[in-house]
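Note sheet for the following structure.
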Amino acid sequence: MTGWQILAFFSGLAGLCATIAATVSNEWRATSRASSVITATWVLQGLWNNCAGNAIGALHCRPHLTIFNLEGYIQACRGLMIAAICMGLFGSVLALVGMKCTKIGGSDKNKARIACFAGVDFILCGICSLSACSLYAHRITTEFFDPMFMSQKYELGAALFIGWAGGILCILGGSVFCFSVADSFSRSHSQANYIYRGAASHSHITAYTRGQTKPVKEGHAADNSSSSRVQHFDKNAYV
């Protein structure tokens, strides 16, 4: 499981980096860039900033002016992504402690439990990231295919795909860490059974050898007593 744990750690760490990149990105949704050739302008919107760019390459961004007037889904996505980053950070620290290739964390059972907690944190990180990106994408697609929606329509931005990829990597890494605790306890149980069987067989062999040696000693003592009687009888007979 050591190699699998290393792969799971790098998978979770890559998912965490992708989650952070998606959180700070300004391209959660974007307008179409094919409306014009010379004076083409487009709008990029993220969780924290609104940006406008043109064909020349100029990009101007400004943060959201208020928090309380933001739409509810944006605030929900903010909270989910921040929770995903926190879970991913805790999971990375616990994974370093609980991995078998590290020398901290105590016994194998304690390290297995810590690795399981790290896996749960990574899975929660992935779920939060997937939920936030899916909620935002659902809002974009609903507005885009709604014929009664007359405002500016947007398309899916690159940050959503990065967030989805990061969430999947975190879930995969966390699943491997959760399976490692089952492998550790199964190995400890098999070792305990092997030790118990070895001790039982050793005690059986010892009892068997003792049972075999006792009659031999008794027979030998009987032979000695009979021989002594014969010798004593012979002496008396000659006398």
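Just so it is clear, none of the values below were taken in a lab; they were calculated from the coordinates. Everything numeric in this text was worked out from a predicted model, so none of it was measured. Positions of Cβ are generated from backbone atoms using ideal geometry, with glycine treated the same way; all protein chains shown enter the neighbour counts.
In this structure, the amide hydrogen of Ala55, modeled 1.01 Å from its nitrogen in the peptide plane, lies closer than 5 angstrom to those of Ala40, counting only residues at least 5 positions away or on a different chain.
Look at the alpha carbon pairs under 8 Å that are at least 6 residues apart: their mean separation over the length of the range 1-110 gives a relative contact order of 24 percent.
Using the Cα centre as the reference, give the magnitude of the dipole from point charges on the C-beta atoms of the range 1-145 (Lys, Arg: +1; Asp, Glu: -1; all else neutral), rounded to the nearest 20 debye.
Rounded to the nearest 20 debye, it is 360 debye.
Amide H contacts for Arg29 (H built 1.01 Å from N in the peptide plane; partners 5 or more residues away or on another chain; cut-off under 5 Å): Gln45, Gly157. Note that the range 87-100 has calculated 3J(HN,Hα) couplings of 4, x, 5, 4, x, 5, 5, 5, 5, 5, 6, x, 6, 6 Hz, one per residue in order, obtained from phi through the Karplus relation 6.51 cos²θ - 1.76 cosθ + 1.60 (θ = phi - 60°); glycine and proline are x.
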